[in-house]
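Comments concern the structure below.
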Amino acid sequence: MTMNRRRFLGTAGATTTLLGLSGLPLRAQGGTLNVTAYGGVWEQAIRDCFVAPFEAKTGATATVSLGGPAQWLSQVEANPEQPPLDVLIMSPDLAVLAAEGDLMDDFTVEKLPNLQYIPQEFTDACLGKGTYFDYGVGGITYNKQIVSEPPRSFADFVERVSSGEFIASVPSISYGPTTVFFLWAINNALGGDVDNVDPFFEAMAKMKDNLVFWAGPNDFFNHLASGEADLGIYFDGRTWNHVDEGVDWIDFINPEEGGAMTAVAIQKPKNASDLAWDYLNEVLDAGNQAKFAEILNYGVTNTQVEYSEKLASRVTPLSEANLPPYADIARVRNDWIDRWNREIGM
């Protein structure tokens, strides 16, 4: 589903208050919250953009637990009455599973005033028990020194790689998001749907002699740097991170059909501290999200965010990205992986 950004603009602003979302005076709440973050630059961005304003406004302390969504969800499942984590960062598929398992609290504007600025589709995608706050888009990254006229669509990418004009680096099935930002995206662009992935596998059969596979994002960059590949399927934000590190010979294209949005969800486990609502509202704040985007080079979901000039030219607008049907994909994902292993094997 291609999103139309204009539908979400013009929402009335929330009234500010000196009370926390739990109803207590902000400075009187105190307490400790346990939130989650990926490692590396992600951890520092979480601390600077969300933890710091939360602590300043509430007088509470937020500890940051590093790891990944599967690990965090397992911790909550093991002790749902007293969850060890108060806020989860989740992949879209696990956010759906957590919601279906009735492990997460409902997200409402009453609890989270800034939720009114988040497209409803993102909360619906989490079954109302979470929402998306950050996203990237998978598209075509290419070596400008080799590729003077890059493909502008997924369909053109398939045809030109199949003909041998380019060697392409594409993600292997061992990389978690592959089923969404590569398999689903190509299949969708070629007319397939979640119950018919023949277009994708037919395209892979055509391209197979001109493909190399990457198992991790650094592998992709190495393929282009070494000349093993001319272009491939990669993320917008990661491409721009390389550019900021001095790699001026790569560029990114969001295909004409629209790349697949790979989002990051936030959720609050049931029985977690009510202070989580104050923290989550900071995660959804436009100013905080703008700062986070500047650090990570990825788009954010608050429609009131104003990107810097540099970032505005890089972030794929919501209206030009496709929101995958994550719940439907979760239903058939194992079948897709089985078929991939039989027909592609990488």
Can you list the residues, at least 5 places off or on another chain, whose amide H is less than 5 Å from the amide H of Ala60, using H built in the peptide plane? Gly30
Top of Val41, Val96, Val197 by mean-square fluctuation, Gaussian network on the chain, Cα under 10 Å: Val41
Dipole magnitude of the range 203-346 about its Cα centre (Cβ charges: Lys, Arg +1; Asp, Glu -1), debye to nearest 20: 580
Near Lys144, which lysines are there with a Cα under 24 Å away, not counting those fewer than 8 places off in the same chain? Lys208, Lys310
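With a cut-off of at most 15 other beta carbons within 10 Å, and DSSP calling the residue loop, which chymotrypsin sites (Phe, Trp or Tyr not before Pro) in the range 35-94 qualify? Please list them. Let's see the in-between values first.
Numbers: sites: Tyr38, Trp42, Phe50, Phe54, Trp72; in loops: Tyr38.
Answer in residue order: Tyr38.
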Of Ala155, Thr36, Asn143, farthest towards positive along the dipole that unit charges on Lys, Arg, Asp, Glu beta carbons give the chain: Thr36
5 angstrom amide H check on Val137, placed H, neighbours 5+ away: Asp236, Gly237, Thr262
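List the longest stretch of the chain that has no exposed loop site; here a site is one of the GluC sites (Glu not before Pro) assigned by DSSP to anything other than H, G, I, E or B, with at most 15 other Cβ within 10 Å. Could you put the intermediate results ahead of the total?
Numbers: sites that count: Glu81, Glu110, Glu165, Glu228, Glu245, Glu256, Glu306.
Longest run free of exposed loop sites: 1-80.
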List every residue whose amide H lies under 5 Å from the amide H of Ala229, counting only residues 5 or more places away in sequence or on a different chain, with H placed 1.01 Å from N in the peptide plane. Leu224
Using θ = phi - 60° and the Karplus form 6.51 cos²θ - 1.76 cosθ + 1.60, what ³J(HN,Hα) does each residue of the range 204-220 get, whole Hz, x for Gly and Pro? 5, 5, 6, 8, 3, 6, 10, 10, 10, 10, 10, 9, x, x, 5, 4, 4
Which of the aspartates and glutamates could a cross-linker span from Lys291 if the Cα-Cα distance has to be under 20 Å and same-chain partners fewer than 8 positions apart are dropped? Glu43, Asp48, Glu55, Asp134, Asp236, Asp244, Glu245, Asp278, Glu282, Glu306, Glu309
Just to confirm the number: angle between the C-alpha axis of helix 326-343 and the first principal axis of the chain, 0 to 90 degrees, nearest 10? 30
Along the charge dipole of the chain, Cβ charges K/R +1 and D/E -1, which of Val170, Leu115, Ala62 sits furthest on the positive end? Ala62
Taking Lys270 as the anchor, which aspartates and glutamates have their alpha carbon closer than 12 Å to its alpha carbon, excluding any fewer than eight residues away along the same chain? Glu77, Glu81, Asp86, Asp102, Asp105, Asp106
With just the Cα atoms defining each centre, how far is the range 54-92 from the range 261-288? Give it in Å. 10
With +1 assigned to the C-beta of every Lys and Arg and -1 to the C-beta of every Asp and Glu, and no other charges, what is the dipole magnitude of the chain about the Cα centre in debye, to the nearest 20? 520
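Which of the trypsin sites (Lys or Arg not before Pro) across the range 140-228 are loop residues per DSSP, with 16 or fewer other Cβ within 10 Å? List each step's numbers first, then the result.
Values: sites: Lys144, Arg152, Arg160, Lys206, Lys208; in loops: Lys144, Arg152.
Filter output for the range 140-228: Lys144, Arg152.
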Per-residue ³J(HN,Hα) for the range 145-157, Karplus 6.51 cos²θ - 1.76 cosθ + 1.60, θ = phi - 60°, Hz, x for Gly and Pro: 6, 10, 9, 8, 10, x, x, 9, 9, 5, 4, 5, 4
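Readers should treat all values here as calculations from the given coordinates under stated rules, not as data from a laboratory. Quick caveat, the model's predicted, so the values are computed rather than measured. All Cβ positions, even for glycine, are placed from backbone atoms using ideal geometry, and neighbour counts span all protein chains on display.
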